[in-house]
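Input: a single structure, listed below in structure tokens.
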Amino acid sequence: MEKYWLIFNPSNEILLKNGSEIPLSLLPPIAPQEDNHTFELPDIEGIKSFCFGVSGNTQAPEGFEFIGLRESHLKLPLSIHYKAGKASELVNFDFTYRFCPRCGTKSYYSSPISKKCPKCQKEIWPPINPAIIVLIYRGKDEILLSHALNFKGNFYGLTAGFLETGESIEECIVREIKEETNLKVKNIRYFGSQPWPYPSQEMLGFFAEYDSGEIKIQEEELSDCRWFRRGFLPEIPPKISMARMLIDYWCTHREEF
Ligand SMILES: [Zn+2]
């Protein structure tokens, strides 16, 4: 029986056939290498599916190429891209936790998706880092958009950041907005979440209403930050992102703001 093979290198690039398909074959197009674990995934379209990592100097065979997982959403059907995201998080776990993070002993797989240290018995699970992203609105017709220095492109996005230790999600939202823009917000409202496997984040999307303050940007992170009016938005992030889902929702649900 042919199987789907989701193969990643340490740069979070996925091996695609003809630049656009997950390899489907009896045996994987690149043999699994020593030390790299093979995970069984949920079936894709009723077909058994597996994933594993290969070392960074592994060349793609003829007719195949490694493509950045994030870029691969332009090549793969979205449902398959999401499954590749899960696979990449498992492979990243395999690359990262060869040894116990507490005592340094070589760890082993104690379940299909977790490891254990044979010496100190520490259980090790794939890490997931929560990050928040917030659409800030002012009145019914304005939103705050910013351009971060690390954006690849000229588009404008939303305020985002990682949850810190000992912090509630609400505190994280207030802190990130204050740090990046100097603004205060109120009426924080949950929108939805999305795995963001680049490499192991979970994006939590929110709306928040402007309360007070003047914009003062965090210059180490942002190059620009401004209010934009409904109907006059600049270039915004691509469809797949939580930022875009929040902006699209705001654009089409004026009555809720
Ligand atoms: Zn240990």
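Among the residues in region 162-179, are any within 24 Å of Arg254 (Cβ to Cβ) and buried (at least 19 other Cβ atoms within 10 Å of the Cβ)? Yes: region 162-179 contains one or more residues that are within 24 Å of Arg254 (Cβ to Cβ) and buried (at least 19 other Cβ atoms within 10 Å of the Cβ). Out of the residues in region 99-114 meeting the condition of being more than 10 Å from the ligand (Cβ to nearest atom) and modelled with pLDDT of 95 or more, tell me which one is nearest to Ile188 (Cα to Cα). Looking at residues that are more than 10 Å from the ligand (Cβ to nearest atom) and modelled with pLDDT of 95 or more, I get Ser114.
Of the residues making up region 196-213, those that are modelled with pLDDT under 95 and surrounded by 15 or more Cβ atoms within 10 Å (Cβ to Cβ) are Trp196, Pro197, Pro199, Ser200, Gln201. The residues in region 41-66 that are surrounded by 13 or more Cβ atoms within 10 Å (Cβ to Cβ), assigned to a strand (DSSP E or B) and modelled with pLDDT of 95 or more can be counted, and the count is 10. Taking the criterion of being among the hydroxyl-bearing types (Ser, Thr, Tyr) and crowded, with 19+ Cβ neighbours inside 10 Å, the only residue of region 214-247 that qualifies is Ser241.
Of all residues assigned to region 137-157, none qualifies as being within 16 Å of the ligand (Cβ to nearest atom), modelled with pLDDT of 95 or more and among the β-branched types (Val, Ile, Thr). Could you say whether any residue in region 235-251 is under 15 Å from Asn154 (Cα atoms), in the same structural domain as Leu183 (by TED's automatic domain parsing), out of contact with any Pro (no Cβ under 7 Å at 6 or more places or on another chain) and at pLDDT 95 or above? Scanning region 235-251 turns up at least one residue that is under 15 Å from Asn154 (Cα atoms), in the same structural domain as Leu183 (by TED's automatic domain parsing), out of contact with any Pro (no Cβ under 7 Å at 6 or more places or on another chain) and at pLDDT 95 or above. Taking region 194-238, which residues are polar (S, T, N, Q) and farther than 19 Å from Ala148 by Cα? Hits for region 194-238 are Gln194, Ser200, Ser212.
State yes or no: is Ile236 in contact with a Phe, Trp or Tyr (Cβ under 6 Å, 6 or more places away or on another chain) and part of a loop (DSSP other than H, G, I, E, B)? In short, yes.
The values are calculated or read from the model by the stated rules, or taken from the named source; none is laboratory data. Since this is a predicted model, take the numbers as computed values, not measurements. Positions of Cβ are generated from backbone atoms using ideal geometry, with glycine treated the same way; all protein chains shown enter the neighbour counts.
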